[in-house]
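A.B. asks: One structure, pasted below without further comment.
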Amino acid sequence: MAGKPILHYLNGRGRMECIRWLLAAAGVEFEEKFIEKTEDLDKIKNDGSLMLQQVPVVEIDGMKLVQTRAILNYIATKYNLYGKDMKERALIDMYSEGVADLGEMIMHLSLCPESDTPPAEKDAKLTLIREKTTNRYLPAFVHVLKSHGQDYLVGNKLSRADIHLVELLYYVEELDPQAFGQLPSALKARVSSLLAVKKFLQPGSQRKPPMDEKIIKVKKVFRF
Amino acid sequence: MIKYYRNQETAIMAGKPKLHYFNGRGRMECIRWLLAAAGVEFEEKFIEQPEDLDKLRNDGSLMFQQVPMVEIDGMKLVQTRAILNYIATKYNLYGKDMKERALIDMYSEGVEDLGEMIMHLPLCPPDQKDAKIAQIKERTTNRYFPAFEKVLKNHGQDYLVGNKLSKADIHLVELLYYVEELDPSLLANFPLLKGLKARVSSLPAVKKFLQPGSQRKPPMDEKNLEEAKRIFRIK
């Protein structure tokens, strides 16, 4: 058991899900400690586990890492998902950050509880996401893949950029099964069929379902 | 002789990173700070009209149709963090190994979280501004400054990570200047942060950048805000 990364977060997607995806795709087994009551969060706040009083926090290799990007960068480096040199890393970062920008918009939409949010506001957000997805983000990634014709975004090798993008494509698909415009469907299929990812996509894995009312309320209580 | 000089000048010019942004701090300022602190000369091409931004978009220079964009080493990099990470790696400001990088990332991201709040203040509706400022001050005093002061106290070294200047120190010191602009008293109870600020500020490259006439940008005023809104077509 010692040696496995331990993830501290809610039992929901939020800001931890991209970390779960990356570990899973890297074939790394991990444990989860779910924050369910105020006492759980207070405990890790008070024992100095949280540098900035926030989760996600991941215990890995003797460190208690906070800040999603710090965690992702470390995992990607450790498991060789960060390119072979500085220039490949720059491309991977550029693509990953683009994915994160759209992902953030989608996450904020999912955090609008049905009960509290006026439909007009939710529609406006959804329209904006659709527009950005179709006109900005998907075309950018399709263009990258077309320009080199390779199987993966960078360096003809699986990297975190591919994993983050494919995770995002699943969320885009959840929002609209018809999907908007051209999806990089070949990449999605290819990454989804990698053994570790295939396993993660099965029911019963540590992959989390869409945020529901219950989790959103918990998140609000903890002011995440 | 003249030919040699001209070629050399061209070579030097061709080597300098080129920053594309509007003439203001925004999301480019941390990049200016990092380059400056690394002692790297850079050029700036200011976007002054919406049409300038359109041009960059239409000629395919902007992967996600957004600036900042930095031309460096044959690449047109967008996304602030991608740019910062590349510069930090190139100029040895990113620690000596994976674990140091993790700490540097953790600290840099914390700085960024607070920095983002401060950056958005000019865009805040007037009726919400006081509350926002109060929140920033509270977070600064109770969350961010104590965390960084503790890091410095725990190892007692001159810099945040690995006893060596890194991007984390540069980002943090830049932030300290912005907090000081907001309220100088906030730094009062954090002697180690004050020490870091003084230390980094006295490095020759940083000292130069802090002088008037450098490429460092002033705080956003009404005019600068209107310019940004006009260029980026924000209502």
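A.B. asks: Please determine, by comparing only the residues of segment A:1-29 that are exposed (fewer than 13 other Cβ atoms within 10 Å of the Cβ) and touching a residue at least 12 places away in the same chain (Cβ under 8 Å), which one is farthest from A:LYS199 (Cα to Cα).
C.D. replies: Ranking the qualifying residues of segment A:1-29, first place goes to A:MET1.
A.B. asks: Do any helices (runs of 4 or more DSSP H) lying entirely in segment B:179-235 carry at least 2 residues that are among the acidic types (Asp, Glu) and loosely packed, with under 14 Cβ neighbours inside 10 Å, and which ones are they?
C.D. replies: B:222-231
A.B. asks: State all residues of segment A:30-58 that are touching a residue at least 40 places away in the same chain (Cβ under 8 Å), open to solvent by less than 50 Å² (accessible area, probe 1.4 Å) and in a loop (DSSP other than H, G, I, E, B); if no residue qualifies, say none.
C.D. replies: If the condition is that a residue be touching a residue at least 40 places away in the same chain (Cβ under 8 Å), open to solvent by less than 50 Å² (accessible area, probe 1.4 Å) and in a loop (DSSP other than H, G, I, E, B), then A:PHE30, A:ILE35, A:SER49, A:VAL55, A:PRO56 are the ones that fit.
A.B. asks: Starting from residues that are open to solvent by 10 Å² or more (accessible area, probe 1.4 Å) and under 14 Å from B:MET28 (Cα atoms), keep the ones in segment B:59-86 and report whichever is nearest to the other protein chains (Cβ to nearest Cβ).
C.D. replies: This residue is B:GLN79.
A.B. asks: Can I ask one more? Any chance segment A:108-129 includes a residue that's closer than 30 Å to B:ALA102 by Cα and within 14 Å of chain B (Cβ to nearest Cβ)?
C.D. replies: There is no residue in segment A:108-129 that is closer than 30 Å to B:ALA102 by Cα and within 14 Å of chain B (Cβ to nearest Cβ).
A.B. asks: Please determine, by comparing only the residues of segment B:88-117 that are aliphatic (A, V, I, L, M), open to solvent by less than 50 Å² (accessible area, probe 1.4 Å) and without any contact (Cβ under 8 Å) to a residue 60 or more places away in the chain, which one is nearest to A:ASP61 (Cα to Cα).
C.D. replies: Residue satisfying both the conditions and the ranking: B:ALA102.
A.B. asks: Can you tell me which of (1) in a loop (DSSP other than H, G, I, E, B); (2) open to solvent by 50 Å² or more (accessible area, probe 1.4 Å); (3) free of Cβ contacts under 8 Å to residues at least 24 places away in the same chain; (4) not small (Gly, Ala, Ser) is the one A:ASP151 doesn't meet?
C.D. replies: (3)
A.B. asks: Being within 14 Å of another protein chain (Cβ to nearest Cβ), closer than 20 Å to B:VAL173 by Cα, open to solvent by 60 Å² or more (accessible area, probe 1.4 Å) and touching a residue at least 12 places away in the same chain (Cβ under 8 Å) is the filter here, so list the residues in segment B:130-146 that pass it.
C.D. replies: Taking segment B:130-146 first, the residues within 14 Å of another protein chain (Cβ to nearest Cβ) are B:135, B:138-146.
Next, only the ones that are closer than 20 Å to B:VAL173 by Cα stay: B:138-146.
Now restrict to residues that are open to solvent by 60 Å² or more (accessible area, probe 1.4 Å): B:138-139, B:142.
Across segment B:130-146, the qualifying residue is only B:ARG139.
A.B. asks: Just to be sure, is A:SER159 out of contact with any Ser or Thr (no Cβ under 7 Å at 6 or more places or on another chain) and closer than 29 Å to A:GLU29 by Cα? Quick ask: steps written out before the conclusion?
C.D. replies: Numbers: out of contact with any Ser or Thr (no Cβ under 7 Å at 6 or more places or on another chain): yes; closer than 29 Å to A:GLU29 by Cα: yes.
For A:SER159, the condition - out of contact with any Ser or Thr (no Cβ under 7 Å at 6 or more places or on another chain) and closer than 29 Å to A:GLU29 by Cα - is met.
A.B. asks: Hey, any hits in segment B:118-126 for a residue that's part of a loop (DSSP other than H, G, I, E, B) and either in contact with a strand residue (DSSP E or B) (Cβ under 7 Å, 6 or more places away or on another chain) or in contact (Cβ under 8 Å) with a residue 24 or more places away in the chain (or both)? Break it down into steps so the answer makes sense when it comes.
C.D. replies: Residues of segment B:118-126 that are part of a loop (DSSP other than H, G, I, E, B), as a first pass: B:124-125.
Still in the running and either in contact with a strand residue (DSSP E or B) (Cβ under 7 Å, 6 or more places away or on another chain) or in contact (Cβ under 8 Å) with a residue 24 or more places away in the chain (or both): none.
No, that holds for no residue.
A.B. asks: Moving on to the next point. Could you please let me know if B:ILE104 is part of a helix (DSSP H, G or I), in contact with a strand residue (DSSP E or B) (Cβ under 7 Å, 6 or more places away or on another chain) and under 24 Å from A:LYS132 (Cα atoms)?
C.D. replies: no
The values are calculated or read from the model by the stated rules, or taken from the named source; none is laboratory data. Here the structure is a predicted model, which is why all the values come from computation and not from measurement. Quick reminder, even Gly has a Cβ in these numbers, built from the backbone with ideal geometry, and neighbours come from all protein chains shown. Keep in mind that these areas ignore ligands, DNA and RNA; they rest on the heavy atoms of the full protein, side chains included. Shrake-Rupley method; radii C 1.70, N 1.55, O 1.52, S 1.80 Å.
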